[in-house]
Amino acid sequence: MIRPSRLHRCESSITLFIAAVSLVPLTLVAAEEPVLDNGRAVYQAACASCHGSSGRGAPPSLLALDTPPPDFTDCDFANREPDSDWMGITYEGGPSRGFSEFMPAFQGALTVEQVQLAVNHIRTFCTDQRWPRGELNLPRPLITNKAFPEDEAVITTLIDAGGLGSILNKFVWEQRFGPRSQWEVVVPFGWLETVDVIEDDGSTRWSSSMGDIAFALKHAFYHNHEKGSIVAIAGEIIFPTGDDELGFGNGTTVFEPFIAWGQILPANFFFQTQLGAELTADKDKAENAAFLRCALGWTTTTGQFGRAWSPMVEVTAGREFASDADIRYSIVPQIQITLNKRQHIMFNIGVREPLNERDVRNSQVVFYLLWDWFDGTLLEGW
Amino acid sequence: MMRRLTILCFILTITTVSLVTAQAPSLFVTADRCMACHNGLITAEGEDASIGTAWRSSMMANAARDPYWQAAIRREALVHPTAAAVIQNECGACHMPMHRFQANAEGRQGEVFVHLPLSGATTPEGLRAADGVSCSVCHQISDENLGEPESFTARFGMDTVTGAGQRQVYGPFDVDAGRQSLMQSMSLFLPAKGTHIQSSELCATCHTVITHTLDADGQVVGELPEQVPYL
């Protein structure tokens, strides 16, 4: 165990910081620490002892850790994580994001700039750039669909603020396949208040039912991290599974093609838009329609890498193809908050305010609970 | 009346015991909390100087696994069945130190046989028992009484007050604050300068073994200097 101390000192003094001395030839005379001014040097010195020079993780026999480091060459995992998450984990340590203590905190040992360099180096391990970067995964608005393919489960609730009672929920399961595609299933269900026609005394009754189940495919055909853009096309088929007499469905199959675009703007702003059509199989049941939805938002965090707050304003416009129809506008101010440390469970709440035809359309309170299930179970990361 | 007093006394004892045990901080961590960072060291000549690898294959890392030791203590316990608990506590001090000192800090005796076979260890206590003379044993020994007879036979000084997360391990060097907190974030220990770590007196705490001779009833009847390379 006992070793000539000076010799030992020159390695241990930089223990981590020279994990691969082969790359930073140290002699006893030049026992200074290597200059950590480029990504490779920082990574080799500070990260490679655990994450391995190749990014796949050092051999388990050397680490003996219960929680092995992730494989950074796995694009499916690596590219979906934005730099900000990785910087936070590296700077503040695994537990700051609900990960293991075995991922140490480099705050104080490395500067934020050096952490960025190390993260930049980690980015070189995934070589397949078909996988869109996590930065393009913008906060999900309440109404507008996103362009980014997701692995998430969302339950959205819309409650009418006036008129007859209406509580409609939509459960959405989204799952990625391949680098840029995703399928999803939508199961709506809810409760509606209707005037009791049998009693005919103005009294009302509540009914509940499942709505029209939908299946959709989405493909992000263009994405560019430098430009901050992502564009996807999608098609959704909505089956008439809901009770249309009671108001829980269209009563006919609807095909809904759309195009969605997400754009990062300067100063932490972002913009998302979705343009689509609803093409119905049975014109007697429902009219064809077109819609345009846009969301402008901004993200800020508590502290440097903490909880994310994203206020957004959405404007939606929809019009049926019938000749006498007007365009229906709504505005939806809202705020999305990440709930847990790992930030993979989020909540968004807002109000959908009709901008016209207010006599027939009610204000609605809209909120969702979102679980990015790829990043951990519901109980992890708190 | 007496009964009530007895019950009260019993309750007080239990509360005190639970308070005392609750207060004992976790003194050690196993080497898996150290090796990831202190391995992968290559000298300028290209020689692997990884501390964890060197330690893992040493006699001391395997001091609790040593079948000869396990056999010797089993024999002692068979010969002196009444003193079996004392023997396990005593023999564990150097060969199974993390478990032994943690148990003592919690007001319990160190045990050996319940932990065998060590390869099946899964609980924190079992893992501490299996890890032998681990990194956080040697490196937490303080300079108190080093070289004095009071420190021999594993009576080295060690902080038993500071809670996990703020405890120190000693080494020969000054470590800057940034690297201290880096090491602390994963290992739960702060590296601190303490050159006594380099002295042979530190090794002498365990390598000076003076055992007690027991008679047939398990009573101490004499002392035997078993190993005294330092003296």
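A short reminder: the numbers here are calculations on the coordinates, not readings from a lab. The structure presented is a predicted model; accordingly, all values stated were derived computationally and were not measured. Virtual Cβ from ideal backbone geometry, glycine too; neighbours counted across all protein chains shown.
Table for the structure above
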| read-out | value |
| --- | --- |
| Filtered trypsin sites (Lys or Arg not before Pro), segment A:56-154: DSSP coil and at most 14 other beta carbons within 10 Å | A:ARG130 |
| The protein assembly as shown, helix-only ellipticity at 222 nm - DSSP H runs n ≥ 4, -39,500 (n - 2.57), divided by all residues, nearest 500 | -6500 deg cm²/dmol |
| Nearest-ten-degree value, helix A:112-123 long axis tilted from longest Cα axis of chain A | 80 |
| Cα-based convex hull, segment B:158-224, per residue volume (Å³, whole number) | 126 |
| Cα centroid of segment A:362-382 to Cα centroid of segment A:256-322, whole Å | 18 |
| Per-residue average of Cβ from other chains inside 10 Å of A:103-116 | 3 |
| Histogram of C-alpha separations across segment A:274-382, 5 Å bin width, % | 2, 11, 15, 16, 16, 13, 10, 8, 6, 2, 1, 0 |
| Of the DSSP H helices in chain B, those whose Cα atoms cover at least 27 Å axially and whose Kyte score averages 0.5 or more | B:2-23 |
| Rg [Å, one decimal], Dmax [Å, integer] - chain A, C-alpha atoms | 26.0, 99 |
| Separation of the A:ASN356 and B:ASP217 label points, Cα + 7 Å toward Cβ, nm | 10.6 |
| Prolate/oblate/rounded label for segment B:120-192 (Cα gyration tensor, a/c 1.5) | oblate |
